[in-house]
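First comes the structure, then the notes that go with it.
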Amino acid sequence: MPAVRRARAAALGTALLTTVTLLAGGCSGTGGGAAADPAPRPGPVLLVPGYGGSTAALQPLAERLGAEGRDATVVALPGDGTGDLAVSAAALATAVDAALERTRAAAADVVGYSAGGVVARLWVAGGGADVARRVVTLGSPHHGTTLADLAAGLAPERCPEACRQLGTASPVLAALNAGDETPAGPDWVSIWTTGDETVRPPGSARLEGALDLPVQSVCGDARVGHTDLPRDRLVQAMVVTQLGAGAPVPLGPDDCARLTG
């Protein structure tokens, strides 16, 4: 009798062990229902300066992105960013290639400030679409600025090539805006301020097909000028949000307190 009880106990123990193993396999994702792979970590961020090529202007934003764990590099543009914008786009392409090789990432994010947003668009149009995950422009004169028109008319000797290319009748901008302003490849986001004193009119920063985010559509009383964009706390938080692992995020007044807190 004791031997029979021992045999039954052994059989019961084996059955319980098998059940527990199967349950554990199902919970751990090693059984029939495998757990979904996490979203891939976004690659490096390249920040492109505006007209004049000041890398210092973008340093606060680069530091904020770095604090968020992103690999952020400010691109130095040839000729202080006042020469042919196509040459600046070539410099961006070189910087992106170097960043991808260094980080072993498959794609990069690009943030273009002011004229840097136009440079980013030229880069995408010239082949960058293959390695661009997301392009965020900050106060970029996508349809030109009357300030460049004024400079070219009143003091042409003080309006070098990039200045002329940012005018409202610029052939460079006309070519970029012909057809699809946001070609396939990256996600596109345009962040700008209604208080822009450099991009005139400020609505020139709108980019058809992009997620359009005036700063004041998030915080209605935000007093942000053109030069404030890369260093403003709210704008920095908007950029960080748009460079997240998921899709671009529509923002509105309900997000104001969270982004400025």
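The values are calculated or read from the model by the stated rules, or taken from the named source; none is laboratory data. Just so you know, these numbers come straight off a predicted model, no measurement behind them. Glycine also receives a Cβ, built like all others from the backbone with ideal geometry; neighbour counts cover every protein chain displayed.
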Check: If you go through segment 138-192 one residue at a time, how many are free of Cβ contacts under 8 Å to residues at least 60 places away in the same chain and of a type in the set (Gly, Ala, Ser)?
Finding: 13
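Only one of these is farther than 22 Å from PRO141 by Cβ and among the hydroxyl-bearing types (Ser, Thr, Tyr): THR73, THR82. Name it.
When all the criteria are applied, what remains is THR73.
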Note to self: Looking at segment 87-133 only, could you name the residues that are touching a residue at least 60 places away in the same chain (Cβ under 8 Å) and surrounded by fewer than 22 Cβ atoms within 10 Å (Cβ to Cβ)?
What the structure shows: THR103, ALA105, ALA106, ALA107, ARG133
Next item on the list: Select from segment 135-186 the residues that are in contact with a strand residue (DSSP E or B) (Cβ under 8 Å, 6 or more places away or on another chain) and under 21 Å from GLU197 (Cα atoms) and list them in ascending order.
Entry: VAL136, THR137, LEU138, GLY139, SER140, HIS142
Notebook entry, point to check: In segment 139-175, which residue that is in a helix (DSSP H, G or I) and in contact with a Leu (Cβ under 7 Å, 6 or more places away or on another chain) is surrounded by the fewest Cβ atoms within 10 Å (Cβ to Cβ)?
Noted result: VAL172
Note to self: For segment 196-205, give me each residue that is buried (at least 16 other Cβ atoms within 10 Å of the Cβ) and either assigned to a loop (DSSP other than H, G, I, E, B) or not aliphatic (A, V, I, L, M) (or both).
What the structure shows: ASP196, THR198, VAL199, ARG200, PRO202, SER204
Next item on the list: Answer yes if at least one residue in segment 224-233 is at pLDDT 95 or above, under 16 Å from GLY117 (Cβ atoms) and assigned to a helix (DSSP H, G or I), and no otherwise.
Entry: no
